[in-house]
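Single-structure report; data block below.
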Amino acid sequence: MWDDSAAADAHHIFGAQGPGSMIVLLVLFALTAVAAAMLASAYTRQAEAYKRAVSRRAIFEKVEKALKEARTVNGPAQVPAAENLVRVLDEHLKPAFMLAGGLNDPAGGLRKAINGRITDPKPAPAPALPVAVAGGTSPIVIVTGNGGGQGGGAASAVASSSGGVSASVSGGGSDVGVIAPAQVFSLPPVVRAPESAVPAAPVERDMSWKERQEAVQRSLDNFAAFWKRDTVDELLKGAQKALCDVKLPPRPAGR
């Protein structure tokens, strides 16, 4: 049966104030939905940021642990420990190194040291030995004259290697003057570099055990100077942002 009291209540609810109340309720529902969406989005971002922070911390601490172990041991056990450090590093960061073409690899020196190969520096060329060209040395004999008066002259003579002497006299008049004692100058021999003086090419060879161990130790020290929490955290944060926070470019019009 029809309940008149219920009809009266509905009339009061949807009377003059009924539509206004409905609008208010709809607005409240909309605001609640927007707030819920914003909270969900903020929660998702917070959870993602926490997850990234945990990943950065885990990478740092795993590598830090392997680094400390490698620097603690000495002698023959240090090379395997250094190899384990590189393995841990590659486990988490090798894809990034590969995508970047291996540029700025902080463990690059350590990898070379573990590899055990070295290139000796280019040896200095042997000093060139003087080699005289064919023929004897020809000293030059210069004879100068004292000016005996105005228009004084001069005389010169050249001695060849064969022992002959050629002389010439020049003067401004009939009085040539008195010839002074000869001054002898020897020409240096022509020098040609022998074939053995050609520089040798650099030679790649295996390191000795001592050289390898010293190279590994130096590389571990250099890597430890780089592997600091603040430095690594900033670099990893930048890598995560570069890999995960990439937006698709806008689509060209008409597609």
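The values are calculated or read from the model by the stated rules, or taken from the named source; none is laboratory data. None of these values were measured; they are calculated from a predicted model. Ideal geometry is used to build each Cβ from the backbone, glycine not excepted, and the neighbour counts take in all protein chains shown.
Structural remarks
- Filtering region 51-76 to residues that are loosely packed, with under 13 Cβ neighbours inside 10 Å and farther than 17 Å from Pro106 by Cβ leaves Lys51, Val54, Ala58, Thr72, Asn74, Gly75, Pro76.
- Selected residue [exposed (fewer than 11 other Cβ atoms within 10 Å of the Cβ) and either within 30 Å of Arg52 (Cα to Cα) or modelled with pLDDT of 55 or more (or both)] from Ala200, Ala253, Ala239: Ala253
- Total residues in region 93-111, condition part of a helix (DSSP H, G or I) and buried (at least 16 other Cβ atoms within 10 Å of the Cβ): 5
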